[in-house]
Amino acid sequence: MLSTLSGSGAKPAKPSFVSYVTPEEINQTERECSRKEKHPDLLPGEVIFCSAGPILKSTKDDLFQRGVYGTLLCTNFRVSFVSDEAPSDEEATQLFKNKLYGENDIPLTCVDHIYGGFDDKKKLIVSGFVKNKYPSKIIVCCRDLRLFHFSLAYAKEEDAKKIFQGIVYHCLEPKSLKCVFAYSYGEKTLLNKENQTKPKTVMFATLEDWAQEMKRTKGNCKLVPNNADFSVSAKLPQYFIVPTHVTEEDLTKFDGKGIPIWCWSHHSGCALFKMASLPLMQEDASSQLYKSHVEGMLNAVAQTHLYSVKTEELSDSLPTVQDIQQSYSKFKQFFLLDNTNDFWMTDVKWFSSLEGSGWLDIIRQCLAKAVEVVECLEKENTNVLIMEEEGSDLCCVISSLVQLMFDPYYRTLGGFQSLIQKEWVVGGHRFLDRCNHLRQKDKEQSQAPVFLLFLECVWQLQQQYPPAFQFSETYLTVLSDSVDVSVFSTFLFNSPHHMATISKAALEPGQRSPVSWPTVWDWSVQFDSRAQDLFINPLYAERSRQDKPPRKTHRPKHQRHQSLPSSAFKFSPSAKKGFLKDETDSLKKMLRVKRLSRWMNSPDSAQASTREFFVAWQRRPLDYHGLLLPCLEGPTLRLWSQRYLRWIPEAQIFGGGSITIMKKLADLLAEVQDLRGNLDRRACRADFNHQGVVARAKSSIQLSSAFPFTMPRGRSFKPAIPTRQLRSLIMDDLADQDDEEPENLGVV
Amino acid sequence: MLMGSKTTFKVRQIVPDMKEKMLNYSMLHRKCRDKFGLRCLPGECVLQRAVLVRKKLSAVEGGGWLAGTLFCTHFRVAFVPQDSEKPDDNADPVLLGDHDVALASIEKVVAVGPSRTKLVTANSSLKFTPEELVLYCRDLRVLCFLFDRLTPETQAVEITYAIAKTYQPLKPGSILSFQNAALGSVEMRQFLSNRTPDSQMKLFDCEADWDGELERTGATDWRVSTINDRFEMATSLPRFNVVPQKVLDTELKKTFAHFNEGRIPRWCWRHPCGSDLLRTASFQNNIYHEKDDIRNLEAIVFGSHQQCVVVELGEEMATLVDVQLAHTRLRALCLGDISASAYVPDDRWLSTLENTRWLDHIRCCLKKAAEVACLLRAGQLTVILQEPEDRDMNCVVSSLVQVMSDPYCRTVLGFQGLIQKEWVMVGHHFLSRANYYRDSDKEEAPLFLLFLDCVWQLWAQCPTRFQFTGDYLLALHDSAHLPLFSTFLFNCQRDRSRPSQRLPQSYTPVNGCWREATPPDSTQDPLDPLFPAVWDWALQYSPQRRAQFSQPLTNSGPVHSVLNGNLNTTPHYHKPNDSTLGSVFLLSRGSFTSPSHLLPWRIGGGSGGSYRKSHRRAPSSESLSGLERLQKACLLPESCRGHSEPQELLPQLLGPCVGIWRECYLRGALQAQAYSHPASVPSHHPLDRLAQEVQQLRDRLAAAAVAGSRAKKQEPHRANVNLNQNANGGTFLFSAPRVSVARAPPPTSALPALAPRDAGKRTFLFGQSQDGRPDLRYAPMPSSRLSKKKGSSLAS
């Protein structure tokens, strides 16, 4: 479809599109392109900025450090490498092709770092790098952990310089939101957007969605419709739910802060709330005001159920956003390795370095915190209010995890998407800032993979209870990749208000209708339906009709919290003994010695109570449609190998891995269906054949553990050494050689 | 730290009143054999009993608590669940029930009181009534029994004492009495001697098995030599050794002296590409080499090939001490220390695991084996594994190579044969390494467990390419801790045949016979128990557990019958003349050299003019990390290569790809038990269910087909035949049916015989592609019987 589109797409200018390239340049590149006739299939709205060739892309997965020659282009969407070689059209590789970008394409927002290779020295390129010098080699690290090596040595100097500067400019320089590709893409694809065939994802954009959700969980709170035009607060979603006793006046008091937002109701009636906490300053007038307000809010929350509430300030016990970022950037270095030798080097200390990054521990802490909240809701039947400064980072993580553990609906594909929509997108997680897609300097501090952390936690849960989840590991991986593709409205904005203002602004030039960006949930934008089949977990235990909904088989001891509300709601830590258990982080310990000392005597009991809760849960038969608790022991938290190891050929297990079992299961399922069909047909017709089975009897040896992201494919090389070394060793006439001392040959 | 072998226990005689009690009970149990629902072995007597006990079930068993009665006999601690069905008196005795543990595998007894825990030893006294009894076992299991409030206090105390007094791990005599308790009775001996061996199982203790192996692998220029029939040449070698055809026995005789312990290079396997795998002890340097000798030596070393690569295992691999230390640390990490209640914190777990270095040793073994496998694949080579003693790492590596390269070794039967061939027969020091008698602490090293873990790693990476399951490996792992099996109780074959006085003179070879279990002469000491081989799984495990030994789904890739031996895959380009000598290389640290000292006789001999000081640098044009590359090349899927060769199963050895054997090491860890939901333990449930469903549907389909054909009155018999074939064809779900291969390897096709009856059907459907092959000419009865049965059931 795209040759024509690229022609029109290359035309310089839609008014809404701010081009940093002069028309002349574009014309020139266009000419060059047509001359070489090598360009990728451009997307609607995509424009080529610059290109150069021949560029040598060295392929890592090869035995030899062989390379592929081709052209490197930079468009407003991606950095793309088009190989000179004829594309291999293996069926397998086509199966999981992303429609937006291919295996040699890097969406601009997906670029993590760029290194330049100057005479064997590797240098990190930062924005503002405008020197005349250009490196002979560009190394691009992607956020989905791919790694590209482009050698500029063979291109014309002028071209090489231009492409290098172009790539650096478009990838690393700060830019405005309007330059993000979603704009031009949204405009172009306006018309063929009707086919939203699978709208099972609840978008929580309307009042009904929220009402429906509250009805589903049998919550008894108040739906607030006042903010539809963001008049109450720009920080809050258009519609949200608060405890019944929160007054209109309360809502407007602190600009969206300090309001407990309802997240989810437990079947016992208690509910989970989240809140952006108010700054607790020293003694002054406002602090008094804050205190009384918070007191009032807590009262309101408590009245929802049994007059009890537990509060949890997440920043006290969980790592900060900066910690998360730091740990993750340390962690991902293990997977961004230039060459095999690096890998073997790190390999020796693999486990300890993995541990040293602390990433797994952060995951553990988040899951543990979620388990604590679950315990309060399930065992003690108290309302829980989680707080955080913004109320949109770790609050989102914890509240979505809690809901995921409790509610089987959220463990279906549609439910999970609704959950993300509810807690993250509408809930106001600052996706744009956290991803820092615009490369703004002042936002670098706030960059942190909070959403990825959540997906990691989900992955851990899913690994432990595969039959409980309708979606597959592949789905999670793809979702984590999609965050960095700047096409989807889902991950492009900081809040619903942000989105609304932006789309309103985009409307201004007098266009027919507001720009509509695709949401990520419309998977057909990225994958065709066959590839989407891989999102479904074949092991998912669907709830059969006769299954009763999860029942409180054991009636919890109905111990009413008789303590007076005002005393129960103290922020004092001692009041929530047993709630805060994890104080492992040594750094925090040092910072809060004073406060911690008071708990020092009780952590054991806290741990014991959680453990007791766990054991009690364990006694009951496991219900995949009931409450799930993750196991958090050292050996059980694992590396998300599909996401992190998929591009590293050294770590792929060919013809093995769990994927082979999955594949077999899928095959078996298919055969069951086939046989059933046969049986049905059998009723009418007499003959039958097994062709279907035979056709499917493909050997899974073709798969590797990195399926479906990388495929072992036909490579044109021969096994090297030591066979050959040995051969030559043998064939050569030994007599011709000098006598030397025995010496080791080769390496290692 | 938990150091199994280091803890010392005071030894104490069995107290007299206990002997009395034993007598009483044994009298009692003659009359009513299962008064309390415990099915005793013949001669076994109950020492103590406690009622209303609950056993904590591990995650694999389903979790929770099981109520029942706890027994202590002088062979085992047995637990009989309350509502278990009445034991069948006529059934064959099973040594250990599903909930039992043998006394000999108990390592520690810990009593948990209301406020404290205490390690109970033979002469310690309890000052409190135990509420809980925790048994730590050598095989890393931890059993936990809870006494109810209604349990009589005396019973709880008494049984704790009884267990603590009888298990006595350190006293050599106690092992003997343990063995006698289990196998010493007349009934038991009779039963054991009447056990019919599995005729498909190759024990490699007769010439026929070796011949079969030579034929299977197509190694036609090798022969079985009986020169060591009376263990005169080398005491630690088996009776039968495979040597080149062209070397006569008389010539062979002279070569023994040139090798450490007389362990000359012996053939163990031929790769389908034609390379031979040999293993040997190190050469003796200090012996004068005569010219004639040298010719023979060279002939043995080179076999049928021109080139020979010596793989020296002594220096690069972990030493025995290393392995033992790593294993001890691993135990400590996984079990924790109950008395100190010190567990590794979660966030330090991974680095602690790394520090055990157990995984490093595993990687090292796997790497070496992968290298050798790749080397063999190059074709037309003789690869010699050399180790000073040839009894430890050689076993690990040579068997791993075969597991990787030979699909047959990934079946249950093939794997058992492999262990017989590479471990039992060649004289791995099972007894010293296992240290059952606690008399060889310095020699103790769990090499066999290391090997099992290596296999598990392979299995975990490519589970679909094995016929056996993790359960099977686990069962084997546990059995290795039980000093009851002839397989693990002796250091070499000579010792193994000695106790029952079966010397070669009176020995008459019977094909495929269970020699270990042949009825002993009447002259034999009646107290000498008759040890069964470990492969008699029915003796140890219930049919339910045995049913899980083989996968419902195997054979993703076709089992390459290239290894059948009937295909002549080894075209001999040039038969080496006796006068031409080949070149020898040493593979060490991932590179080749040809140092002069490799074959000692070549230095001093100067014979035949072919000797040359041949060490030189190889023309290494590429700076390679050679073996890695080679491995990668081998790893590439079949389709990439021009012709279809058997694909090796090469492991990925990077940090993220090697894992810990959870089902084995972590099953005992109390904290891990507590924190994983039983049902979340990965199991084969969905697979089994689906497999069953497929079969049901097939049956229904078949029935419908029959009905349909009947209705049409259209040659019902013919229809059946077709159907049968169709059904069989359909069983090749995951393997390309290769009809071109005429002969199925007999052992594989006989697998259903091993599988229990009830599992037979399933195995038939999903187990082996070989089975269902229409061409059953060479396949022995079991499969044909099965398919007949199927046919008849269809007809009915």
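Using only the Cα atoms of segment A:129-172, build the gyration tensor, take square roots of its eigenvalues as a ≥ b ≥ c, and label the shape rounded, prolate or oblate: rounded if a/c is under 1.5, else prolate if a/b is larger than b/c, else oblate. Taking the square roots of the gyration eigenvalues as a ≥ b ≥ c, segment A:129-172 is oblate. Here is the size of segment B:383-491 from its Cα atoms: Rg then Dmax, 13.6, 41 Å.
A 27 angstrom limit on the alpha carbon distance is what I want to check against. Which of B:Lys108/B:Lys421; A:Lys349/B:Lys367; B:Lys56/B:Lys165 exceed it? Where the Cα-Cα span goes over 27 Å, the pairs concerned are B:Lys108/B:Lys421. Taking label points 7 Å from Cα along the Cα-to-Cβ direction, B:Asp322 and A:Lys97 give a separation of 4.9 nm. Here's how it looks for B:Ser588: its modeled amide H is under 5 Å from those of B:Thr593, which are all 5 or more places away or on a different chain. If a spin label sat at a point 7 angstrom from the Cα of A:Val126 along the line to its beta carbon, the backbone N atoms of segment A:416-460 nearer than 13 Å would be those of A:441-442, A:444-445. Residues whose amide H lies under 5 Å from that of B:Glu132, counting only those 5 or more places away or on a different chain, are B:Val112, B:Phe147; hydrogens are built 1.01 Å from N in the peptide plane. Per-residue 3J(HN,Hα) values for segment A:446-459, derived from phi via the Karplus relation 6.51 cos²θ - 1.76 cosθ + 1.60 with θ = phi - 60°, read 8, 6, 6, x, 5, 5, 4, 4, 4, 4, 4, 4, 4, 4 Hz in sequence order (x marks Gly and Pro). Placing unit charges on the Cβ atoms only, positive for Lys and Arg and negative for Asp and Glu, gives segment B:354-486 a dipole magnitude near 400 debye about its Cα centre.
For the cross-link pairs A:Lys175/A:Lys330; A:Lys57/A:Lys188; A:Lys178/A:Lys441; A:Lys235/A:Lys422, the ones whose C-alpha atoms lie over 22 Å apart are A:Lys175/A:Lys330; A:Lys57/A:Lys188. Here the 3J(HN,Hα) profile of segment A:147-159, calculated from phi with Karplus coefficients 6.51, -1.76 and 1.60 at θ = phi - 60°, is 9, 10, 10, 10, 9, 8, 5, 9, 7, 5, 4, 4, 4 Hz, Gly and Pro shown as x. Using the alpha carbons alone, the radius of gyration of segment B:202-360 stands to its Kirkwood radius in an Rg to Rh ratio of 1.16.
Binning the alpha carbon pair distances of segment A:403-445 at 5 angstrom intervals from zero yields the distribution 6, 22, 18, 15, 14, 11, 8, 5, 0, expressed in whole percent.
Once R0 is set to 35 Å, what does the formula 1/(1 + (r/R0)^6) return for the Cβ-Cβ distance between A:Glu248 and A:Asp533, expressed as a FRET efficiency to the nearest 0.05? So, using R0 = 35 Å, E works out to roughly 0.10.
Residues whose amide H falls under 5 Å from that of A:Phe240, counting only those 5 or more places apart or on a different chain, are A:Val224, with hydrogens built in the peptide plane. Rounded to the nearest Hz, the phi-derived 3J(HN,Hα) couplings of segment A:479-494 under the Karplus curve 6.51 cos²θ - 1.76 cosθ + 1.60 (θ = phi - 60°) are 4, 5, 6, 5, 4, 9, 9, 7, 10, 9, 5, 3, 10, 9, 10, 8, where x marks glycine and proline.
Only the coordinates and a few stated rules stand behind these numbers; no lab work does. Model, not experiment: these values are computed from the prediction. Cβ atoms come from the backbone with ideal geometry, glycine included; neighbour counts cover every protein chain shown.
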